[in-house]
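The values are calculated or read from the model by the stated rules, or taken from the named source; none is laboratory data. None of these values were measured; they are calculated from a predicted model. Using ideal geometry, Cβ is built from the backbone for each residue, glycine included, and neighbour counts are taken over all protein chains shown. We work out accessible area using only protein heavy atoms, side chains counted, and drop any ligands, DNA or RNA first. Shrake-Rupley method; radii C 1.70, N 1.55, O 1.52, S 1.80 Å.
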Amino acid sequence: DDFSGPAAEARVEWRPNQLATLTATVRRAEEETTIAGASAASVAYGELTARYEVRRFVDVTATAAYERRSFRGADRRAKTLQIGVGIDWRARADTTVTARYRYIDESSTAIGEGSRANVVWVGIEHRF
């Protein structure tokens, strides 16, 4: 099956001062899908992120995102809401310690589908 359609992404970043960055992202695309009877998924996505440097080497981040999918050829739609917070500590010039929390709420018009999750992620990034 052929799937085609408009695809676009836009991102705006605003720095109200030297410590804060606000980012807005929107995306629209047609994607492949494994849903039975559907030839493609139309995806609309939006995200807002606020990042603030609370100390010289410590940043906190808050994110909210929303995604809507409709499936061409199938009477089905899905929505995902994500809300999260995080902290990054630049321990050294080449090493960052990160902790994140994200709440995810997925819903669907399909019976029995949908979920909620609380995701915690901790990591160390080292650049060589």
Fill in the blank from the handout: Looking across segment 6-21 at residues that are among the aliphatic types (A, V, I, L, M), closer than 30 Å to residue 52 by Cβ and open to solvent by 70 Å² or more (accessible area, probe 1.4 Å), the single one that is farthest from the chain's Cα centre (by Cα) is 19
Practice task
For segment 59-72, indicate whether the set of residues that are closer than 27 Å to residue 31 by Cβ and either touching a Pro at 6+ places or on another chain (Cβ under 9 Å) or of a type in the set (Val, Ile, Thr) (or both) is non-empty.
Solution key: yes
Completion exercise
For residue 111, the lone unmet condition from (1) in contact (Cβ under 8 Å) with a residue 12 or more places away in the chain; (2) open to solvent by 80 Å² or more (accessible area, probe 1.4 Å) is (1)
Exercise for the section: Filter segment 32-60 down to residues that are at pLDDT below 90 and surrounded by fewer than 13 Cβ atoms within 10 Å (Cβ to Cβ) and give me whichever is farthest from residue 80 (Cα to Cα). Expected result: 56
Handout entry: Checking residue 112 against (1) under 28 Å from residue 8 (Cβ atoms); (2) assigned to a loop (DSSP other than H, G, I, E, B), the condition it does not meet
Key = (1)
